[in-house]
Every structure is written in C-alpha cells, then in structure tokens.
Amino acid sequence: MTKAHVLGFPRIGARRELKFALEQFWRGALDEAALAALGRELRRRHWNLQRTADLDYATVGDFAWYDHVLWALACLGLIPRRFGFAPDRLTLAQYFSLARGDGGVPAMELTKWFDTNYHYLVPEWDDAIRAAPGVEWLFEEVREAQADGHAVKAAIVGPLTLLHLGKYRSGSDRRLDLLPEIVAAYARLLARLKALGVAWVQMDEPALCTDLARAWLDALPSVYDALAPTAPPILLATYFGPVAEHAPLLKSLPVAGLHLDLVRGRGQLDAFLPDYPQSKVLSLGMIDGRNVWRADLAAALDVLERARDRLGARLWVGSSCSLLHVPMDSAQEPSLEGGLADCLAFAVQKLDEIAALKRGLLQGRGAIAQALAASRKAQETLRSLARRGSAQARQRLAAVTDADCSRGSPFGVRIGRQRERLRLPPLPTTTIGSFPQTAEIRRSRAAWRRGALDDARYAATMRGEIALAVKRQLELGLDVLVHGEPERNDMVEYFAEQLEGFAVTENGWVQSYGSRCVKPPIIYGDIRRRKAMTVQWIGYAQELSPKPVKGMLTGPLTMLQWSFVREDAPREAIAFEIALALREEVLDLERAGIAVIQIDEPAFREGLPLRKSGWPHYFEWAVRAFRLAASGVADETQIHTHMCYSEFNDILPAIAALDADVITIEASRSGMELLEAFAAFRYANDIGPGIYDVHSPRVPGVEEMVRLLERAARVVPVERLWVNPDCGLKTRDWSEVEAALANMVSAARSMRSRTG
C-alpha cells in the first residue's frame, strides 16, 4: 500500500522552545537533564503530529541539538580529534564546544547547507581518522519513538554527502581515501539500527544533485554494496534538484528505495519510471519543503496517479526535502490580511497535504474534495494578490538602463577620492553593522509594537541606544562606525515591514543554525518603497560622531533569498524590484551626508544554482541587481558589501563584477584560507577579512588576531586591507563585544606599527 512520510520536521518547536532552552543551558541556567527532557518532549510532539496526520512512519534522527551534520558526526564517532573528546563519551557541553568554540580551541567551520540559509558545521578530515563508536543518541531516540508505538524511519546524512561536505585540515584533498573508514562507521551504526527493529533508514544524499566528479559517482556502488547487507531497508534520498542523469546508476544500487525531489526536479520522473526495479520503493517528494505556499494538489495527483499506474503499492509520497526549512504552523498567523493566510502551508499543514495526496491515491479524488477545493482557492487568491500593480512594475523595470547599473568611474579613481574624503588610517577598523540586542531593546520594541509605547518615546529610546553604541565605538577607537541597528528586529524583516509587496509573519520562525532563528518574510506582490527606511537613524548617529558612520542596508539578493518568494514571476524580476527600492534608499542616505554605505549580500553565494550550467544566467541578473541598487552614488561615496560563510573560489569573477569599493568576508574559522582565493584571482578592490568569530562566545587575544592579519597581509596588500569581525554582533553580549573589539583595535594598531 502507498506510504506517506516526511524527510524531516522542524526541531525548534512551535514557540522556539529549543532555542530558549539551548540559550539557558549555555548560560548555566538549565542543566543537562532538563535540556534532555525538553528534547524528548519536542520529539514526542513532532512524531505525534506525523501520526495524527496519518503518515506511516515517524522520522527519527531529524532532531539535533545544534546541527544535523554535527549530530551525525557525533553518532558516527567522527568528531574532530583536535578537541580531544572521547567520541563515545561525548557530553552535550562538549558537543556545543565543537559548534561554538571552547577556551583556546576555535569552533568548527560553519557554512551554508547547499543553497539554503541553514548553516552546518563542516566535517574535518585528516589521514589519521579512524572509525570509532559514537554517542548513543540516535538509538535512544529510536527507542523513544518505538515506546510510543511509532513505526520508525531513521534519517541520517549519507556517507557520500558527509564525506563530500567535509574538508581536509591540511595537505591535499584525499577525502575519497577515507571512504573505508567512513563506511565502517556507518556499518556499525546501521547494524545497531537493524537490531533495534527500525523499519527503514533514510540515507540523505543531496550531494548527488550537484556537479559531482566522476570519482565520487564511481564510489557510490561500493558504499551501498558494503552497507546494504547489514542495514535496515535503505531509502536513498536525493533532494534540492534533479538526478535524472544518474538514473541508471541509482536504480542499480542495492537499496530498497529511492526518493526524488519533484519540486526542484519536476521533469525527472520519466528517467526513472521505465524499467524501475520491481523490488524497490519509489518515494516522490511532491510537497515543497522549501516554500510556504499551499500545493496544487490536483497537479500533484496528476503526477502521482501516473506513477501509481507503473508502481502500484511501491509508490510513496512525501515532502521534497526536510521541512526544516519552513515554519511550524500557519494557523499561528491570524493577522495576515487579504486572504494571504489561506494561501500558506507551513510544516503542520504540509503533513496534511501529504496525507491528502495519499488518500487521493488510495480512495480517489472524491475522498479529498475539500482539500482540492482549498488548494484551488489558494491558487486563485495568490494570483489575484500577485497581479496588483504588475503593469507599473513592468514599466519600472523596463526603464532600467546599463548606465543605471554602473558607477561613474573605475575603482582606481573612486578609491582615491574616497580616501581623500574619509582620511582613514591604514588598516581601518570597523564592524559589520549590528550591536547586541539587549533585553531592554527587545522590551522597548515589543512594547511599541503592541501599543504600550508611543512613537515619540520609542524613537527617544532607540536614539539613546544609538548614542550609547556611538559612544562605545569612539571610546574603543574604531575608525568607521555603525549606528548599531537597535531598531531592527532582523536584517531582512526590518526592510520587509516597510516595503510594499512583503508580508511579515508573527511566528514563522525557521532555524538558521544552533539557537539562531529567523523569520523569513513572504513576497506576494509588487515591491515598492513607501518612504525612507533608515535615514533618520543613521543620520542621527552621524550627528553624534566626527568619524564616518556607515549606512546599513540589506541587499536585493539577500532580501530575495531569505524570503519566501511567490512562484508566478521570475526571481530576477523580483530582485530588480527590490533593487530599485533600495536604490532610492541609497540615494537618500547619500543626500543626508552619509559617506559610507554598506549593502549586505551574505546570500549572494547561496542563491547560486547547484549545477554550474545555471551559473551564467544567475550571475548575469544577480550582479545587475546589486549594481542597480548601488550605482547611483557619486565617486566619493564608498560602497561596502558583506558576505559570510560561503565558498568564494568559484564565484570571484562575479564578486569582482559587483564592483563594491570594499568587501568584508567571514575568514576567521577558516584561518584566512578564503583570502588565498582572492589573492590568486587578483581581486582589485579593498577587502576586510573577518579576524574573529562572532558566532562563538570566545574572545580571541590580540596576538591571535595579529597572526591572522599577518597571514592576510601576505596575500593582500596592506593598503587594501580593512580590519573587522566576521559578521554582525547582534547575538553577543556587550562584555564580549567590547573585549573583542578592544583586542581587534589593538591588533590593527600593532600591525600599523609593524608595517610602517
């Protein structure tokens, strides 16, 4: 009989319970036993939601205390050896040390999970790695689910993807040489799962949706030949794109089933249905795990019915990928207007959609008539919302010229004029934008939103926080200041609230990493700026400082990528609409006397298609969108951009084409490794490699920062180097911030004296 399942479920809880518990644990306000109890309760709730929705399996293993890749490493006994922890006796406190750093040991590197805004901890490989027993966490969770009467499908990152995502810490890349040890670790774990009576094990192999080298593909059969005999039935799960070109290989593997993403790989089913093996299940991901719109159930059934005619009971229906990337429950969004709420399906609603598709297959469309009607109504409502003003939007976009997307002079001319205007010392110091969002700031903003604090008192409170941030920066001796962003709840949401065409949810939280959650806005209509969004706050900060204060904006690519985007318009058209709105803000900041404007694009790399064949088109419109936002200013106005936690090697020509005067990047966790790519490319503009990790409470010393600057100076001329943290400081405490920035300023001064 057709089965229904999800590849994973959000773990943070309907009210971000996991976030708050983690932060209490890190502060010492919650002990390990209480944290473990909270984890058990969340898992139980989420499994029961799946059972209540009439799914056939509870997915176990999708819960993780910080990150599912680090969780897999812990379960497999493959944690980095440099921390000195015993893999089979790893405590939660030690686990968090891997993610956040511990004393003198820096945290593991953090980067984006394929083309999502989720961050994973990068596995660390070396020649001495040996398979060793890991923690018991997965087995404990399996027993929990079984005790509650669930049929269990365990899920874990597959061996090929885990190995491919990791990095050699030194020397040449010999990851494939480690495959026997990696497979041995998986074999031990899978044998234990089989002994526990697990019904299925889902092995996630999204790396198959990328441009894998032939050697990696050739290794795949030997991996699953080794694992299948002693494992539960294996469902090999691919997602985030099509794998049609690998169909013969995948169908030949000794696994019990395959999962295909038919949201991001719509046309790939025809490559699998002919001669699909009689012994294998085929799971089709029909419900989008990456976006929030209600599914077109009738269209999904058209595809599923065709597959059922070939496969019969061997057909499963599920989510395209894990639901980790969507919020929990759209029923918590009563304030959305214009019928928009009826167009949305968050994780809980997606369970119901999957179950409806299963019933439709088994009992006919009449059995799900109500769900089909709601689906049709949602499609019609969204189309009507999206059509508002579309003719005017097309006219605005059509009027954009190449001149609108180009600075007046080349960088060599601009930088001379900017240096004359700004008169900064060598190795100028700055921060990325935000300062700590204190409890007082959050209370004031919450009171203002619910009407308990009027506009005048709220503005006065925020001005007080800005004045404090400016004062502290001046005392620390920073060269280019920021206003600290106390008025901003989030770098995307803040702007979305002030732009037409965006909707902002109340509880639409999604995990970004660890305890960090974001609330992606929803783009449903044409985008316009109503009025200036930042000028009053940044202008006020500039009045308080004799030094330049940066205007801080979120760029068009990041606004697009970190929102849930309507699907009836090309993404590039929406990016250009955002860019036009931001261009107006940039020009207003310049007219207000702001000499330095930063347009953050941390999602620039993230938006890149997983297959290189799609890169040229993406680069063409993505670069144009950024330049449209940034290029209206005079030569003397300095444009900065910021990018973090990305692999830049392959995209440096596009980064150079952005033509920002200064780029700041994450570099500390990689030990300045990223800078070597910029040097090899001969990147010509100014660059600020982050010299300390803001995602860790650890405060590095002056000499440690100096060593990083010395390494940076070996590959980038000192006259083009800036000194800054990796990212914004919103999530840190002031005590950590002031100590780290004081050391950073001292390190910059030390380097100035050494370099003359």
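For Gly688, nonlocal amide neighbours, meaning residues 5 or more places apart or on other chains whose placed amide H falls under 5 Å from its own, are Ile663, Thr664, Ile665, Trp722. All Cα-Cα separations within the stretch 162-228 were binned at 5 Å from zero, giving a P(r) of 3, 13, 24, 25, 18, 10, 5, 2, 0, each value a whole percent of the pairs. Close amide H contacts of Phe564 (hydrogens built in the peptide plane, cut-off under 5 Å, sequence separation of 5 or more or a different chain): Ile522, Ile523.
Packing-based ranking of 363-374, 62-73 yields 62-73, 363-374, ordered from highest to lowest mean Cβ neighbour count within 10 Å.
Within the accessible area of the chain, the carbon and sulfur atoms contribute 50%, probe 1.4 Å, all protein chains present. Evaluating kT/(6 pi eta Rh) at 20 °C and 1.002 mPa s, with the Kirkwood radius of the stretch 631-743 over Cα pairs in the Stokes-Einstein relation, gives 146 µm² s⁻¹. The fraction of Cα-Cα pairs per 10 angstrom bin, counted from 0 for the chain, comes to 3, 14, 24, 26, 20, 10, 3, 0, 0 percent, rounded to whole percents.
What accessible area per residue comes out for the chain, rounded to a whole number of Å², with a 1.4 Å probe?
Solvent-accessible surface per residue comes out at 35 Å².
Magnitude of the Cβ-charge dipole of the stretch 25-107, K/R +1 and D/E -1, about the Cα centre, nearest 20 debye? Can you show the working numbers first?
On the way: 10 positive and 9 negative charges, 32 e Å.
In debye, rounded to 20, the stretch 25-107 gives about 160.
Taking amide H atoms as placed 1.01 Å from N in the peptide plane, the amide H of Asp600 lies under 5 Å from those of Leu553, Thr554, Gly555, His642, each 5 or more residues away in sequence or on another chain. Diffusion coefficient of the stretch 30-119 by Stokes-Einstein, Kirkwood radius over Cα pairs, 25 °C, 0.890 mPa s: 164 µm²/s.
Each of Arg605, Arg591 has its accessible area taken with a 1.4 Å probe; listed largest first, they run Arg591, Arg605.
Mean shadow of the stretch 375-479, computed from the convex hull of its alpha carbons, in nm²?
Convex hull of Cα atoms, orientation-averaged projection: 13.6 nm².
The lysines within cross-link reach of Lys547, meaning a Cα-to-Cα straight distance under 26 Å and a gap of 8 or more places when in the same chain, are Lys471, Lys730. In the chain, a dipole from Cβ-located charges (positive for Lys and Arg, negative for Asp and Glu) runs towards its positive end, and of Cys644, Ala299, Leu220 it is Ala299 whose Cα lies farthest in that direction. Note on Asp270/Lys612: beta-carbon distance plugged into 1/(1 + (r/R0)^6) with R0 of 22 Å gives a FRET efficiency of 0.40.
When the Kirkwood radius is taken over all Cα pairs of the stretch 134-253, what Stokes-Einstein diffusion coefficient follows at 20 °C and 1.002 mPa s, in µm²/s? Before the final figure, lay out each step's value.
On the way: Rh = 15.3 Å.
It comes out at roughly 140 µm²/s.
A Cβ-based charge dipole, computed about the Cα centre of the chain with Lys and Arg at +1 and Asp and Glu at -1, lands at about 440 debye.
Charge dipole of the stretch 241-386 (Cα centre as origin; +1 on each Lys and Arg Cβ, -1 on each Asp and Glu Cβ, all else neutral): 400 debye, rounded to the nearest 20.
Calculated on C-alpha atoms, the gyration radius of the stretch 1-56 divided by its Kirkwood radius gives an Rg/Rh of 1.12.
Would you please put 576-587, 698-709 in order of how densely packed they are, using the mean number of other Cβ atoms within 10 angstrom per residue and starting with the highest?
On the way: 576-587: 23.1, 698-709: 18.4.
Peptide ranking by packing, descending: 576-587, 698-709.
The values are calculated or read from the model by the stated rules, or taken from the named source; none is laboratory data. Computed from a prediction, not measured in an experiment: that's the story for all the values here. So basically every Cβ, Gly included, is an ideal-geometry build from the backbone, and we count neighbours across all protein chains shown. Areas reflect the complete protein model, heavy atoms only, side chains present, ligands, DNA and RNA absent. Shrake-Rupley method; radii C 1.70, N 1.55, O 1.52, S 1.80 Å.
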